[in-house]
Structures are given as C-alpha cells and as structure tokens.
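Input: a single structure, listed below in structure tokens.
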Amino acid sequence: MKVYLAGPEVFLPNAREVLDRKIDLTRRYGFTPVSPGDLEVPAIDTKRGKGLAISSINERLMMSADMIIANLTPFRGVAADVGTAFELGFMCARDCPAYAFSNVVGDHFTRVAALHDGDIRPDAHGRPRGPDGLAVEDFDMVDNLMLDGGIAVRGGTVVTRKVDPGKLYTDHQAFEECLRLAADRFLK
C-alpha cells in the first residue's frame with residue numbers, strides 16, 4: 001500500500017534528512033512511501049513555470065498513492081501548511097484513507113484565540129468572533145473542520161503530541177503512531 005507523506009518538511013533546511021527518516025519509518029511499517037521531496041523538477045525558464053511543474057508532479061504522485069498521512073503541525077501561523085491542506089483534500093476527494101498528526105496539542109480555536117490575545121467574544125447568536133468581526137471555528141478540532149472531518153469520515157485519526165518547539169517538524173513520534181494505526185487497520 002502506497003502512502004503519500006504530506007507536510008511542510010520540504011521547506012526545512014535539512015529537508016532531505018527529515019524526509020528520509022519518514023521514508024524509512026514508512027517502509028519499516030510495511031508501506032511504500034510516496035514523498036513529494038522525491039520529485040525531480042525539469043529545467044524551467046520561469047519561477048511560475050517551475051511552480052506549476054512541481055504542482056503537476058505532486059498531483060501525479062498523489063494519484064499513485066493509496067493513502068495519506070499529513071503533517072498538520074501549524075506552519076507559519078495558527079493552521080496547517082496550505083499545500084498540505086490541499087494535498088489532504090485531494091486525497092480525501094479520491095476517497096483514500098487519511099491520517100494526520102500535529103506536534104502541537106490544543107485545538108484550532110485555542111490557537112486563533114491566542115493570536116487575538118484572547119479577544120474572542122460571542123455575537124448575538126452565541127457564535128465566537130474575533131476583534132475583526134469574523135467568526136472563529138470552535139469545534140474541538142485540531143485544525144479546520146474540513147481537515148479533521150475528511151480524516152474522520154475515512155476512518156482515520158489525527159494524532160497530537162506536544163514536542164519541544166525546536167523539534168516541531170523533526171519529531172516523528174506522532175507520525176509513527178499514524179503508521180502504527182494504519183498498519184493495524186490495513187496490514188494485519
């Protein structure tokens with residue numbers, strides 16, 4: 001069974017090392033890893049062209065996979081990496097089994113509230129709103145309800161773990177728990 005390994009690790013200065021560790025763990029649990037870090041981008045004349053080529057290659061890689069494990073650890077803000085969110089949605093649209101992990105505990109609402117220094121107040125209908133007047137999701141979910149919901153509907157789970165802030169994208173214990181859960185479900 002091929003597993004697409006989605007996450008922001010491709011942006012790390014030691015991306016190859018981190019991805020190779022995830023690839024090794026995936027194989028150890030009996031799966032075939034499909035990693036966006038393994039793509040070979042042809043020479044392209046423009047930055048936009050290169051971006052489009054990477055997007056196309058990643059979609060082909062996802063089409064070759066049977067399942068996804070997505071790293072939803074907040075990236076550059078309060079939520080998951082937007083590319084990872086797209087990849088998770090893509091795989092859910094294909095009705096593939098989905099698992100995810102976050103190396104940050106706590107829900108999306110708590111992170112948004114912290115962003116606004118706790119200034120979240122209910123409107124006249126009881127819906128929480130930030131100081132900008134926009135509604136804030138409050139569903140006890142790790143990230144946006146569509147991400148958590150897509151995983152749950154496909155029988156997967158989101159594993160959370162609190163790790164040292166310096167190891168947010170390099171600690172693999174939650175990722176390995178996803179592998180164990182998926183192996184118990186599909187390989188036994």
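Taking only the range 170-188 into account, find how many residues are under 21 Å from residue 107 (Cβ atoms), among the aromatic types (Phe, Trp, Tyr) and surrounded by fewer than 20 Cβ atoms within 10 Å (Cβ to Cβ).
Residues meeting the conditions: 0.
Among the residues of the range 116-126, what is the count of those that are in a loop (DSSP other than H, G, I, E, B), exposed (fewer than 12 other Cβ atoms within 10 Å of the Cβ) and touching a strand residue (DSSP E or B) at 6+ places or on another chain (Cβ under 8 Å)?
Of the residues in that region, 1 qualify.
Residues in the range 13-46 that are more than 30 Å from residue 187 (Cα to Cα) and either modelled with pLDDT of 95 or more or surrounded by 13 or more Cβ atoms within 10 Å (Cβ to Cβ) (or both): 13, 14, 44, 46. Just one of (1) surrounded by fewer than 19 Cβ atoms within 10 Å (Cβ to Cβ); (2) among the hydrophobic types (A, V, I, L, M, F, W, C); (3) under 23 Å from residue 136 (Cβ atoms) fails for residue 112. It is (1).
Just one of the listed residues (95, 143, 148) is acidic (Asp, Glu) and surrounded by fewer than 20 Cβ atoms within 10 Å (Cβ to Cβ), and it is 95.
The values are calculated or read from the model by the stated rules, or taken from the named source; none is laboratory data. Here the structure is a predicted model, which is why all the values come from computation and not from measurement. Cβ atoms come from the backbone with ideal geometry, glycine included; neighbour counts cover every protein chain shown.
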